Amino acid sequence: MKLMIVFAVVASALAAPQNQPQVNIVSQSFDQDEQGNYNYQYQLDNGQSAEEAGTVLPGPEPETGSIDVQGSYTFVADDGNTYSVSYAANEGGFQPDAPHLPVAPAQIAEYEQLRADHPELFWAETQ
């Protein structure tokens, strides 16, 4: 029994992550007003940073509405390059913008011809 306990402790010690780098906070802030609008930012000593501002857009009834968010983040990837992404997030969804992100392809020519020949297939897009 004691041998099993010793074996379990040794196995746990060997399985634990070794030499994890410590990341320190260089700066950070968070502010929020009574309406719920907020700003935050942080910067780490490993090159990672983020900032975001959210604006509350009240709805027609209490407890309804949405938040319009603008922000950006920067990180160092496994390839050693530093990447930055700016974004907006609102009723239109999350909209990232960065030169390293893939771009949607242009409309396929056959699809454009189908749209011209059979507009009745695209009735949902016109409403």
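The values are calculated or read from the model by the stated rules, or taken from the named source; none is laboratory data. Treat the numbers as computed from the prediction; the structure is a model and nothing was measured. As a convention, Cβ positions derive from the backbone with ideal geometry for all residues, glycine included, and neighbour counts pool all protein chains shown. Calculation scope for accessible area: heavy atoms of the full protein, side chains included, ligands and nucleic acids excluded. Shrake-Rupley method; radii C 1.70, N 1.55, O 1.52, S 1.80 Å.
Things to note:
- Pick from the stretch 56-71, criterion of a type in the set (V, I, T) and more than 18 Å from P96 (Cα to Cα), ranking: nearest to the chain's Cα centre (by Cα): V56
- Evaluation of A53 against (1) exposed (fewer than 12 other Cβ atoms within 10 Å of the Cβ); (2) touching a strand residue (DSSP E or B) at 6+ places or on another chain (Cβ under 7 Å) (one fails), failing number: (1)
- Matching entry among Q113, Q95 (being open to solvent by 60 Å² or more (accessible area, probe 1.4 Å) and part of a strand (DSSP E or B)): Q95
- Residues located in the stretch 23-52, provided they are under 17 Å from the mean Cα position of the chain (by Cα) and either among the acidic types (D, E) or closer than 18 Å to G93 by Cβ (or both): E51, E52
- Being of a type in the set (D, E) and open to solvent by 80 Å² or more (accessible area, probe 1.4 Å) is a description that does not apply to D68.
- Among the candidates N46, N81, residue that is closer than 23 Å to V23 by Cβ, touching a residue at least 24 places away in the same chain (Cβ under 8 Å) and out of contact with any strand residue (DSSP E or B) (no Cβ under 6 Å at 6 or more places or on another chain): N46
- Residue count, the stretch 71-83 (criterion: open to solvent by 60 Å² or more (accessible area, probe 1.4 Å) and more than 15 Å from Y40 (Cβ to Cβ)): 6
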